[in-house]
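Below is one structure, written out as structure tokens, with a few remarks after it.
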Amino acid sequence: FFAVNTGGTQALLEAARRCWSADPADPRCRSYHPGVRFLQVSTDEVYGPQGPGGRADETAPLRPANPYAASKAAADLAVGAWRETYGLPAGVTRCCNNYGPGQYPEKLIPLMAARCLLGLPLPLYGDGLQTRSWLHVEDHCAALEAVLLRGDPRGCYNVGPGCESTNLDMVRLLLRLTGQSETLVRHVPDRPGHDRRYAMDCRKLAALGWAPQVPLQDGLAGTVDWCRANGGRLQRAPGAAAL
């Protein structure tokens with residue numbers, strides 16, 4: 001994660017700066033070709049865990065509490081540094097948990113949905129009461145489009161639906177959608193650095209005219225249908241040996 005999120009972001013920023021510069025021969029040039037935009041897609045994890053009722057807006061300090069979040073925060077800070085130092089038109093979006101058809105099978109929803117369909121035990125970290133917001137991938141794409149077309153080219157935008165669910169509640173929804181019993185749930189030791197709650201204030205993005213369009217129940221049902229139709233593909237995917 002550190003190699004990709006720090007070194008990888010640096011490589012992209014440098015490539016954008018050199019390719020988009022109005023005068024590549026001048027290392028001090030701060031002018032760029034019209035219409036170019038660099039958008040760093042980040043995560044709500046960079047704000048760190050939020051207390052009960054708290055929500056991080058775009059001005060909140062970055063307080064990552066696990067190594068992955070730290071690597072993403074470092075990438076966000078690099079974007080800001082290239083923006084300030086070189087004038088690069090670079091912005092950031094920070095999104096909550098995504099879900100939807102085609103998601104990598106080690107993630108919570110496709111993993112649990114596939115195991116529900118197979119009638120296999122559902123390994124749930126800790127007590128399952130970690131709280132997250134969940135956004136359908138199509139709504140995330142629409143948010144990115146809104147930021148690219150109508151947002152500040154050098155701005156930061158939080159992306160989320162404004163509602164929260166515990167991991168246990170998400171698993172219960174999947175059990176109901178697949179007709180399975182809650183007896184399949186197996187609580188397993190929590191993983192290191194598993195933050196308790198993420199929550200963001202997303203009013204800045206809403207001011208661009210964006211709002212989520214896919215209700216959670218509908219989005220989960222569509223995801224389960226995709227998992228049902230692609231069970232073999234899920235079982236063959238890297239990292240899906242538990243299926």
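Is the stretch 104-243 best put as rounded, prolate or oblate by its Cα gyration tensor, with a ≥ b ≥ c the root eigenvalues, rounded for a/c under 1.5, and otherwise prolate when a/b is larger than b/c, oblate when not?
Taking the square roots of the gyration eigenvalues as a ≥ b ≥ c, the stretch 104-243 is prolate.
For the stretch 93-243, DSSP calls about 15 percent of its internal beta bridges antiparallel.
Each residue of the stretch 32-44 was assigned a 3J(HN,Hα) from its phi angle through the Karplus curve 6.51 cos²θ - 1.76 cosθ + 1.60 (θ = phi - 60°); the sequence is 10, 4, x, x, 6, 9, 10, 10, 8, 8, 10, 9, 5 Hz, with glycine and proline shown as x. Extension gain for the segment K107 to F1, taken as residue separation times 0.36 nm less the Cα-Cα distance, is 36.6 nm to one decimal.
Note on A11 and Y125: the model spin-label points, each 7 Å out from Cα along the C-beta direction, lie 2.7 nm apart. Rolling a 1.4 angstrom probe over the chain with all protein chains present gives an accessible area of which 55% lies on carbon and sulfur atoms.
Sorted from longest to shortest, the spans of the Cα atoms of the stretch 1-128 along the three principal axes equal 62, 33, 25 Å. Dipole magnitude for the stretch 89-220: about 160 debye, using +1 per Lys or Arg Cβ and -1 per Asp or Glu Cβ, origin at the Cα centre.
Estimated from the Cβ-Cβ distance and a Förster radius of 41 angstrom, the FRET efficiency linking T85 and L118 is about 0.20.
Stretching C141 away from S31 to a fully extended chain increases their span by 36.8 nm, per 0.36 nm per residue minus the current alpha-carbon distance. The separation of the stretch 131-195 from the stretch 1-69, counted between C-alpha centres, amounts to 22 Å. The residues packed around L77, meaning those with a beta-carbon under 15 Å from its beta-carbon, carry a net charge of +1 if Lys and Arg are +1 and Asp and Glu are -1.
I need the calculated FRET efficiency for the pair R63 and D225, taking r as the beta carbon distance and R₀ as 41 Å, to the nearest 0.05.
The computed FRET efficiency comes out at 0.60.
Near the amide H of A56, within less than 5 Å, lie the amide hydrogens of A199, M200, D201, all on another chain or at least 5 residues away, with H placed in the peptide plane.
Per the Debye formula on identical point scatterers at the alpha carbon atoms of the stretch 36-193, with no solvent, log10 I(q)/I(0) at q = 0.12, 0.20 Å⁻¹ is -0.61, -1.31. Summary of packing: across the peptides 25-32, 123-130, 219-226, the per-residue average of other C-beta atoms within 10 Å ranks them, highest first, as 219-226, 123-130, 25-32.
Remark: the chain carries 49 Å² of accessible area per residue (probe radius 1.4 Å; ligands, DNA and RNA excluded). The GNM of the chain, with springs linking C-alpha atoms under 10 angstrom apart, assigns the highest mean-square fluctuation among R191, R115, R63 to R191. Sorting the segments 69-79, 153-163 by their mean number of nearby beta carbons within 10 angstrom, highest to lowest, gives 69-79, 153-163.
The values are calculated or read from the model by the stated rules, or taken from the named source; none is laboratory data. Quick caveat: nothing in here was measured; it's all calculated off a predicted structure. Cβ: placed from backbone, ideal geometry, glycine included. Neighbour counts: every protein chain shown. Heavy atoms of the whole protein, side chains included, go into the accessibility calculation; ligands, DNA and RNA do not. Shrake-Rupley method; radii C 1.70, N 1.55, O 1.52, S 1.80 Å.
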